[in-house]
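Q: Below you'll find the structure I mean.
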Amino acid sequence: MLNKQLVSPDSIVVIGGSNDIKKPGGKIIKNISEGDFAGELFVVNPHERQVQGLDCVQTVDELPQVNLAILVVPAKHCLGIIEKLVDNNGTKAFIILSAGFGEAGEDGAILESKIAEVINRAGACLIGPNCIGVLNKNYNGIFTSPIPKLDKKGCDLISGSGATAVFIMEAGIPLGLKFNSIYSVGNAAQISVEDVLEYMDDHFDPENDSKIKLLYLESIKNPQKLLKHAASLIHKGAKIAAIKSGSTDAGSRAAASHTGALASSDMMVRALFDKAGIVYCSSREELISVASIFNYKSLEGSNIAIITHAGGSAVMLADVLSARGLSVPPIQGENAKKLMDYLYLGSSVSNPIDFLATGTAEQLGIIIDYCEHKFDHIDAMIVVFGSPGLFDVENVYNVLSVKLDICSKPIYPVLPSLINAQKEVKAFLARGNVNFPDEVVLGRALSEVYHTPQPFKNNYVLPKIDTNAIRKVVDEAENGFLPPSLVSKLLDAANIARANEARVCTKEELLETLANFSFPIAMKVIGPVHKSDVGGVILNVLSEKDAVMAFDNLMKIDGATSILMQSMHNGVELFVGVKKEVGFGHAVLCGIGGVFIEILNDVSAALSPVSRNEAEVMVKSLKGYKLFEGVRGRDPLNQEKFIQIILNISALVEVAPEIVEMDINPLLADIENVISVDARIRIEK
């Protein structure tokens, strides 16, 4: 974990400090010297006596006790230097800016590991290697530009990539986005993004700390730590948005079950973010937009009024909002007619509210007031107002700035004229406002913020299931896919309704067992994992003769060991599954099932334990959700029983964490029941 010596050092030494400010060792000296660092700053460079006006020593042996060491020397020298500083100088914090470690190959990874071992034994902390450093209110410990003017109301940015952190600052600062601190963890040999977040949570001061946290994650070393501390910070009033790059490795997860194929890394990350309350972002542009949204009042409803003089922008914005679950509802009635009296001929108030290129500041103020006080169904406003370069729009932006402060409903300003209205936009930002230069990016980001659920609370009440029966099955079973008889026992113990079934190995057993079934029946091969792919499912078997013929055909399939007989049920095919991922735990998936599950990919997921609210969100987020409501004259599906199955499966994997993959596909659903007709479970102890 981070320590005081790294966050707020009394003394800093730069190993490899330089007079050349075009080199990292020179730029970091310059940045620290020009910042607010109030402690002692030392420099080590064997070739210099003075560095940028500071006395310089040639070796670390000449140093006094020092809190923080920043290393800007070749990788091969770092281990020896750190050992000396730990043993002789009481140094408890290190930042290694140098590259040439784990990112460079096996030898670098070994060196990186040795350094981490030394620092861990000393009870010290390490940022890096291969990073840009740390920037906070105490010192400018980064070797890059820009150095933003820090503001406690700005963003804390924690990044696995130094270059990406720089790009985010470069793009955000011109829009009015402010920063409070930057932590670049690089290779994260010891301190990861999650560890920095943990420190911020454990030391959170709501009066003086930033309430906006931005994360760029190239890996998630400890998902449970991220979940715990992100949720904790959000419960304390913080807001968090994150990018997780490199999350499309589904192809590397060859798996036997549908769930294994569907549960991509990206899906696991999204499930983790949802449980933590983290807003998922897919690009730097979106992350910056979400951070800017965090600077404004919270969106409490989905109905948006678009106020503009640019018809094309309004259409694009309305499209993206509507496509992503927000609404641009009609504005009509007596108050709409009254509003028209204040606008020029040709204006429209139907939503979008278009008050033309000749619209005035006074008209904008009146429109906003109507949306604030008269149009009760409107929850927020997006104002898109640029300039054709014909006249000064400063008065318009002045009115907008005032309304941002006094209105209770959030207003999001899109000021796209970065050339024609450059002076006016600059004045708008100088008042502490943030600008959204692109309406479509704002629409996407606003949707992500609005649809991100509140973080979990540790107050889950899971359904009661037969724990003893479950443990008996799992404890006695061998690793791998369970035989159908044990799958049935687990489903029964978890209170999952299933079709009447029996397993037969011979024709004699088949004929005896048929007495317990009514036709029609289904017959399925046991042995091959994907039955449908090998023609291993025969439905609507209507007679004993047909059953014998089906038995013969199924037993000819390569790998067949026996046949499963089931009573036939009708209904819409649904799916529930489980995938266990190291660090993440179990993800419970649900969706529209059947043979097209991987083609349609209509699936949602949540990390276990799953609350009732999470299960409801999972079901309602499906593209095929209208099936549950009833569509084209069809009866609705029993949504409550489907939700209950999701909860029961979550309870099952909490009792039996050895379950690593599970499919119940299909579940046949109608207005009364949801019944399992096929299931597979794989365990690893």
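Q: Give me the residue from the stretch 340-371 that is assigned to a helix (DSSP H, G or I) and in contact with a strand residue (DSSP E or B) (Cβ under 8 Å, 6 or more places away or on another chain) and, out of that set, farthest from residue 390 (Cα to Cα). Lay out the reasoning, then the answer.
A: Initial filter on the stretch 340-371 (assigned to a helix (DSSP H, G or I)): 340, 361-371.
Applying the additional criterion that residues be in contact with a strand residue (DSSP E or B) (Cβ under 8 Å, 6 or more places away or on another chain) yields 364, 367-368, 371.
Values: 364: 18, 367: 22, 368: 24, 371: 28 Å.
If we take residues in the stretch 340-371 being assigned to a helix (DSSP H, G or I) and in contact with a strand residue (DSSP E or B) (Cβ under 8 Å, 6 or more places away or on another chain), then 371 is farthest from residue 390 (Cα to Cα).
Q: Give 237, 172, 246 a once-over and let me know the one that is modelled with pLDDT of 95 or more and part of a loop (DSSP other than H, G, I, E, B). Give the steps one after another, and end with the answer.
A: Values: 172 fails: part of a loop (DSSP other than H, G, I, E, B); 246 fails: modelled with pLDDT of 95 or more.
237 is the lone residue from the list that is modelled with pLDDT of 95 or more and part of a loop (DSSP other than H, G, I, E, B).
Q: To continue, here is another question. When the residues of the stretch 400-458 are filtered to those that are touching a strand residue (DSSP E or B) at 6+ places or on another chain (Cβ under 9 Å) and among the basic types (Lys, Arg), which remaining residue is nearest to residue 304 (Cα to Cα)?
A: The qualifying residue nearest to residue 304 (Cα to Cα) is 409.
Q: Within the stretch 372-396, how many residues turn out to be outside any loop (DSSP other than H, G, I, E, B) and at pLDDT below 95? Full working, then the answer.
A: First, the residues of the stretch 372-396 that are outside any loop (DSSP other than H, G, I, E, B): 372-373, 380-384, 394-396.
Going one step further and asking which of them are at pLDDT below 95, we end up with 394-396.
Residues flagged as outside any loop (DSSP other than H, G, I, E, B) and at pLDDT below 95 within the stretch 372-396 amount to 3.
Q: Could I ask something else about it? Using beta carbons and a limit of 6 Å, which pairs, at least six apart or on different chains, have the first residue in the stretch 551-564 and more than 17 Å from residue 484 (Cα to Cα) and the second one part of a loop (DSSP other than H, G, I, E, B)?
A: Filtered contacts from the stretch 551-564: 557/536.
Q: Being in contact with a helix residue (DSSP H, G or I) (Cβ under 6 Å, 6 or more places away or on another chain), surrounded by 23 or more Cβ atoms within 10 Å (Cβ to Cβ), closer than 25 Å to residue 473 by Cα and not charged (D, E, K, R) narrows it down to one of 607, 637, so name that one. Working first, answer last.
A: Working: 637 fails: closer than 25 Å to residue 473 by Cα.
Exactly one of 607, 637 is in contact with a helix residue (DSSP H, G or I) (Cβ under 6 Å, 6 or more places away or on another chain), surrounded by 23 or more Cβ atoms within 10 Å (Cβ to Cβ), closer than 25 Å to residue 473 by Cα and not charged (D, E, K, R), namely 607.
Conditions (1) surrounded by 15 or more Cβ atoms within 10 Å (Cβ to Cβ); (2) closer than 25 Å to residue 636 by Cα; (3) outside the structural domain of residue 664 (by TED's automatic domain parsing), marked per residue:
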residue: 524; (1), (2), (3): yes, no, yes
residue: 527; (1), (2), (3): yes, no, yes
residue: 535; (1), (2), (3): no, no, yes
residue: 539; (1), (2), (3): no, yes, yes
residue: 542; (1), (2), (3): no, no, yes
residue: 545; (1), (2), (3): no, no, yes
residue: 549; (1), (2), (3): no, no, yes
residue: 561; (1), (2), (3): no, no, yes
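Q: Now for a different question. Taking residue 478 and the conditions (1) part of a helix (DSSP H, G or I); (2) without any contact (Cβ under 8 Å) to a residue 12 or more places away in the chain; (3) not hydrophobic (A, V, I, L, M, F, W, C), which numbered condition does it fall short on, given that it satisfies the others?
A: Checking residue 478 against (1) part of a helix (DSSP H, G or I); (2) without any contact (Cβ under 8 Å) to a residue 12 or more places away in the chain; (3) not hydrophobic (A, V, I, L, M, F, W, C), the one that fails is (1).
Q: I would also like to ask the following. Please specify each residue of the stretch 592-612 satisfying the condition of being farther than 23 Å from residue 538 by Cα, outside any loop (DSSP other than H, G, I, E, B) and in contact (Cβ under 8 Å) with a residue 60 or more places away in the chain.
A: Scanning the stretch 592-612 gives 603, 605, 606, 607.
Q: Answer yes or no as to whether residue 188 is assigned by TED's automatic domain parsing to the domain that holds residue 120, touching a Pro at 6+ places or on another chain (Cβ under 9 Å) and touching a residue at least 24 places away in the same chain (Cβ under 8 Å). Let's see the steps before the verdict.
A: On the way: assigned by TED's automatic domain parsing to the domain that holds residue 120: yes; touching a Pro at 6+ places or on another chain (Cβ under 9 Å): no; touching a residue at least 24 places away in the same chain (Cβ under 8 Å): yes.
So residue 188 does not fit the description; no.
Q: Now for a separate question. How do the pairs read when you match residues in the stretch 643-658 that are over 10 Å from residue 578 (Cα atoms) with residues anywhere that are among the hydroxyl-bearing types (Ser, Thr, Tyr) and surrounded by fewer than 24 Cβ atoms within 10 Å (Cβ to Cβ), using Cβ under 6 Å and keeping only pairs 6 or more apart or on different chains?
A: As it stands, the answer is 655/467, since those pairs meet every condition given.
Q: Can you spot a residue in the stretch 310-321 that is in contact with a Gly (Cβ under 9 Å, 6 or more places away or on another chain), on the phi > 0 side of the Ramachandran plot, among the hydrophobic types (A, V, I, L, M, F, W, C) and at pLDDT below 95?
A: Residues of the stretch 310-321 in contact with a Gly (Cβ under 9 Å, 6 or more places away or on another chain): 310, 313, 316-321.
In the following step, the residues that additionally are on the phi > 0 side of the Ramachandran plot were identified as none.
No - not one qualifying residue is present in the stretch 310-321.
Q: Same structure again: Show the residue pairs that are 6+ apart or on different chains and have beta-carbon atoms under 9 Å apart, the first residue being within the stretch 434-458 and within 27 Å of residue 398 (Cα to Cα) and not assigned by TED's automatic domain parsing to the domain that holds residue 178, the second being part of a loop (DSSP other than H, G, I, E, B) and among the charged types (D, E, K, R).
A: Hits for this filter: 434/178; 443/324; 444/324; 446/324.
Q: Just one of 390, 462, 418 is out of contact with any helix residue (DSSP H, G or I) (no Cβ under 9 Å at 6 or more places or on another chain) and of a type in the set (A, V, I, L, M); which is it? First the steps, then the outcome.
A: Numbers: 462 fails: out of contact with any helix residue (DSSP H, G or I) (no Cβ under 9 Å at 6 or more places or on another chain); 418 fails: out of contact with any helix residue (DSSP H, G or I) (no Cβ under 9 Å at 6 or more places or on another chain).
390 is the lone residue from the list that is out of contact with any helix residue (DSSP H, G or I) (no Cβ under 9 Å at 6 or more places or on another chain) and of a type in the set (A, V, I, L, M).
Q: Could I ask something else about it? Can you spot a residue in the stretch 578-585 that is without any contact (Cβ under 8 Å) to a residue 24 or more places away in the chain, under 21 Å from the mean Cα position of the chain (by Cα) and loosely packed, with under 15 Cβ neighbours inside 10 Å?
A: At the first step, the residues of the stretch 578-585 found to be without any contact (Cβ under 8 Å) to a residue 24 or more places away in the chain are 582.
Checking which are under 21 Å from the mean Cα position of the chain (by Cα) leaves us with 582.
Of the ones still in play, those that are also loosely packed, with under 15 Cβ neighbours inside 10 Å are 582.
Yes: one or more hits.
Q: Do we have residue 683 as over 16 Å from residue 492 (Cα atoms), touching a helix residue (DSSP H, G or I) at 6+ places or on another chain (Cβ under 8 Å) and touching a residue at least 12 places away in the same chain (Cβ under 8 Å) here? If you could, list the steps in order and put the result at the bottom.
A: Values: over 16 Å from residue 492 (Cα atoms): yes; touching a helix residue (DSSP H, G or I) at 6+ places or on another chain (Cβ under 8 Å): yes; touching a residue at least 12 places away in the same chain (Cβ under 8 Å): yes.
So residue 683 fits the description; yes.
Q: Counting just the residues of the stretch 513-522 that are touching a strand residue (DSSP E or B) at 6+ places or on another chain (Cβ under 8 Å) and farther than 11 Å from residue 541 by Cβ, which one comes out surrounded by the most Cβ atoms within 10 Å (Cβ to Cβ)?
A: The selected residue is 513.
Q: Return the total of residues in the stretch 502-550 being assigned to a helix (DSSP H, G or I), of a type in the set (Val, Ile, Thr) and in contact with a helix residue (DSSP H, G or I) (Cβ under 7 Å, 6 or more places away or on another chain).
A: Going through the stretch 502-550, the residues assigned to a helix (DSSP H, G or I) turn out to be 507-516, 532-534, 544-550.
When the remaining residues are screened for being of a type in the set (Val, Ile, Thr), the result is 513, 534, 548.
So of that shortlist, the ones also in contact with a helix residue (DSSP H, G or I) (Cβ under 7 Å, 6 or more places away or on another chain) come out as 548.
Of the residues in the stretch 502-550, 1 are assigned to a helix (DSSP H, G or I), of a type in the set (Val, Ile, Thr) and in contact with a helix residue (DSSP H, G or I) (Cβ under 7 Å, 6 or more places away or on another chain).
Q: Checking residue 151 against (1) in a loop (DSSP other than H, G, I, E, B); (2) in contact with a helix residue (DSSP H, G or I) (Cβ under 7 Å, 6 or more places away or on another chain); (3) over 18 Å from residue 243 (Cβ atoms), which test does it fail?
A: Going through the list (1) in a loop (DSSP other than H, G, I, E, B); (2) in contact with a helix residue (DSSP H, G or I) (Cβ under 7 Å, 6 or more places away or on another chain); (3) over 18 Å from residue 243 (Cβ atoms), residue 151 breaks only (2).
The values are calculated or read from the model by the stated rules, or taken from the named source; none is laboratory data. Note that the coordinates shown come from a computational prediction; the quantities given were computed from them, not determined experimentally. Cβ coordinates were reconstructed from backbone atoms using ideal geometry, including for glycine residues, and neighbour counts include every protein chain displayed.
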